[in-house]
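*Asks:* The following block contains the structure, expressed as structure tokens.
Just so you know, all these numbers are worked out from the coordinates, no wet-lab data involved. Keep in mind it's a predicted model, so treat the numbers as computed, not measured. Here the Cβ is made from the backbone with ideal geometry for all residues, glycine too, and neighbour counts use every protein chain on show.
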Amino acid sequence: QVQLQQSGAELAKPGSSVKISCKASGYTFTSYDISWIKQTTGQGLEYIGYINTGSGGTYYNEKFKGKATLTVDKSSSTAFMQLSSLTPEDTAVYYCARRAYWGQGTLVTVSS
Amino acid sequence: DIQMTQSPSFLSASVGDRVTINCKASQNINKYLNWYQQKLGEAPKRLIYNTNNLQTGIPSRFSGSGSGTDYTLTISSLQPEDFATYFCLQHNSFPWTFGGGTKLELK
């Protein structure tokens, strides 16, 4: 069965970076793009972008350019999202998703 | 970006009720509209894809309709497990955008 297993919660300081992972199983990893979504209570759901897991090509929502960097490691069927120059506004639950399938979410808390 | 206006934001209903939730896009999205259910602390679950296609394993009391800019999710007879938050997603053009959500509460 298709599963996307995300890494655990992160507590980060303002100005730092975090890297979230999304390990896929149950299907051929390189056959589907992986999307990333941000969820906050205030802003709701926002689409960050996607990565073509075969080619490594990416699309970023303009709002997240310079904030998020998407990569993959095909050898481990894992997608990654690095968030840089963190501010309190980056505090959110972040999801990876493949069409109908979503990871369980990773809470990133930015606080000094 | 395409704006998705979802209504209502809150909905109070009883078990057995028929409810509808609406999403209006700021431009034609060519039926590329999905509906999701989310319960507290859980990832969203896709119910409907491309306006009216029921996701495998989702009960048939859920249905979707619409075209152009206007889309509707209908739950024909609410069950206790249906009380959750629902939201729509347009994937016609990037960036994909979400509705603001509808919290369905037990009356």
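*Asks:* Can you put A:4, B:106 in order of Cβ neighbours within 10 angstrom, beginning with the fewest?
*Replies:* Going from least to most buried by this count: B:106, A:4.
*Asks:* Using the Kirkwood radius over Cα pairs, work out the Stokes-Einstein diffusion coefficient for the protein assembly as shown at 10 °C and 1.306 mPa s, in µm²/s as a whole number.
*Replies:* 88
*Asks:* For peptide A:93-100, what's the mean number of Cβ atoms from other chains within 10 Å of each residue's Cβ?
*Replies:* Across A:93-100, the average partner-chain Cβ count within 10 Å equals 3.
*Asks:* Residue by residue through the stretch A:93-99, which ³J(HN,Hα) values in whole Hz follow from phi under the Karplus form 6.51 cos²θ - 1.76 cosθ + 1.60 (θ = phi - 60°), with glycine and proline marked x?
*Replies:* For the stretch A:93-99, the Karplus-derived couplings read 9, 10, 10, 9, 8, 10, 6 Hz, x marking Gly and Pro.
*Asks:* Mind listing the long-range amide H neighbours of residue B:17? Cut-off is under 5 Å, sequence gap 5 or more, other chains count too, H placed in the peptide plane at 1.01 Å from N.
*Replies:* Sorted by chain and number, the residues that satisfy this are B:78.
*Asks:* I would also like to ask the following. Report, in cubic angstrom per residue, the convex hull volume of the C-alpha atoms of chain B.
*Replies:* Hull volume normalised by residue count: 88 Å³.
*Asks:* For residue A:12, list long-range residues whose amide hydrogen, built 1.01 Å from N in the peptide plane, is under 5 Å from its own amide hydrogen.
*Replies:* Counting only residues 5 or more places away or on other chains, the set is A:109, A:110, A:111.
*Asks:* Residue by residue through B:86-98, how many Cβ atoms from other chains fall within 10 Å of the Cβ on average?
*Replies:* Partner Cβ neighbours, averaged per residue: 4.
*Asks:* Test of understanding: ordering B:76, A:21, B:14 by Cβ neighbours within 10 Å, fewest first, what list do you get?
*Replies:* Listing B:76, A:21, B:14 from fewest to most nearby Cβ atoms yields B:14, B:76, A:21.
*Asks:* Oh, and also: Can you work out ³J(HN,Hα) from phi for every residue in the stretch A:48-57, in order, using Karplus 6.51 cos²θ - 1.76 cosθ + 1.60 and θ = phi - 60°, giving whole Hz and x for Gly and Pro?
*Replies:* 8, x, 9, 10, 7, 6, x, 9, x, x
*Asks:* Something else: Roughly how crowded by other chains is peptide B:35-48, in terms of the mean Cβ count from those chains within 10 Å of each of its Cβ atoms?
*Replies:* If you average over the peptide's residues, the count of other-chain Cβ atoms is 3.
*Asks:* Can you give me the P(r) profile for the stretch A:1-101? Cα pairs, bins 5 angstrom wide beginning at 0, each as a whole percent.
*Replies:* 2, 13, 25, 26, 19, 10, 4, 1
*Asks:* Taking neighbour Cβ counts within 10 Å as the exposure measure, how do A:29, B:87 sort from fewest upward?
*Replies:* Least to most surrounded, the residues fall as A:29, B:87.
*Asks:* Long-range amide H contacts for residue B:97: which residues qualify at under 5 Å (H placed 1.01 Å from N, peptide plane, sequence gap of 5 or more or a different chain)?
*Replies:* Here the answer is B:90, since their amide H atoms fall under 5 Å of that of residue B:97.
*Asks:* Per residue of the stretch B:39-48, what does 6.51 cos²θ - 1.76 cosθ + 1.60 with θ = phi - 60° give for ³J(HN,Hα)? Whole Hz please, x for Gly and Pro, Karplus curve as stated.
*Replies:* For the stretch B:39-48, the Karplus curve yields 9, 3, x, 10, 6, x, 10, 6, 9, 9 Hz.
*Asks:* Among A:45, A:70, A:83, which one moves the most in a GNM of chain A with springs linking Cα atoms closer than 10 Å?
*Replies:* In the Gaussian network model the winner is A:45.
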